[in-house]
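Okay, so here's the structure we're looking at.
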Amino acid sequence: MPAESPLRLAIFASGRGSNALSIIRAAKEGRLSRVEPVLVVCDKPGAPVATRSREEGVPVLEIRPRDFDSKDAYEGAILEHLREKSVDAVALAGYMRLVGPVLIGSFPDRILNIHPSLLPSFPGLAAQKQAIDYGVKMTGVTVHFVDLLMDHGPVIMQKCLPILPEDTEESLSRRLLPIEHEAYLESLDALSRGRLRIEGRRVLWSAD
Ligand code: GAR
């Protein structure tokens, strides 16, 4: 891709959409100057992320997995929309669903995810609660490439945060959120500038 072409990004989200909105606003305000969010895909029609993204002027595809016979058929339908919009890469932003072979095969090493723990610790749901319950003193966020396993692909970036004795799942989630946003913007900026190279499980960053 020539350096001047923006990375045409689809954002997949299921709920509130703070990560999706942070990406959309950063792109609009020139803080993510080589990324163009061209579509939001929402698997929970009516979720706040759908309304909020439309308000920001980004088209939204609301699509319900249960309306399809299989995961492949559901992802095949999404793929048609991604192709129509000439999408280059996908950012999962609170998309609470495993991505299957149809999408992974169509976007090899081009799908990113943000997860609210220091992977490989605490994959899956309620990562913040898992960290508090386990008793770890540090936690954080991970941005990684997506493969077929849950919260598993090569790690692009991690940022960490101490867990305070008084932390609850809510307070820790709240304190982690701005770090999630930062890590995702930095990772997407690097992707859009062609700075990320995968070697086995390692992601190597080149200079800008
Ligand atoms: C975020 O904390 C994100 O890291 C998490 O869901 C939340 C979505 O919030 N994702 C996962 O747990 C994925 N395994 P948002 O809708 O406000 O971005």
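Values quoted throughout were computed directly from the atomic coordinates according to the rules given, and no laboratory measurement underlies them. Bear in mind that the values here come from a model prediction, so they are computed numbers and not experimental data. Reconstructed Cβ throughout: ideal geometry from the backbone, glycine too, with neighbour counts over all protein chains shown.
Quick notes on this structure:
- Computed from Cα positions, the angle between helix 71-84 and the longest principal axis of the chain comes to roughly 60 degrees.
- A Förster radius of 41 Å, combined with the Cβ-Cβ distance separating A73 from S171, puts the computed FRET efficiency at roughly 0.50.
- Centroid-to-centroid separation of the range 92-152 and the range 180-208 [C-alpha atoms, Å]: 16
- For K71, the lysines whose Cα comes closer than 17 Å to its Cα, not counting residues fewer than 8 places off in the same chain, are K44.
- Distance between the pseudo-spin-label points of E29 and E186 (7 Å out from Cα toward the beta carbon): 1.8 nm.
- Per-residue ellipticity at 222 nm computed for the chain from its helices equals -10500 deg cm²/dmol, with DSSP H segments shorter than 4 residues left out and the rest contributing -39,500 (n - 2.57).
- Cross-link partners for K159 among the lysines, with Cα-Cα distance under 19 Å and sequence neighbours closer than 8 places in the same chain left out: K129, K137.
- With R₀ set to 30 Å, the beta-carbon distance separating E84 from D147 gives a calculated FRET efficiency near 0.75.
- Hypothetical label at E4: residues of the range 29-65 whose amide nitrogen lies under 20 Å (7 Å Cα-Cβ projection): 30-37
- Remark: F145, F107, F12 ranked as F107, F145, F12, counting other beta-carbon atoms within 10 Å and listing the fewest first.
- Pairwise Cα distances in the range 81-208 exceed 20 Å for 45 percent of all pairs.
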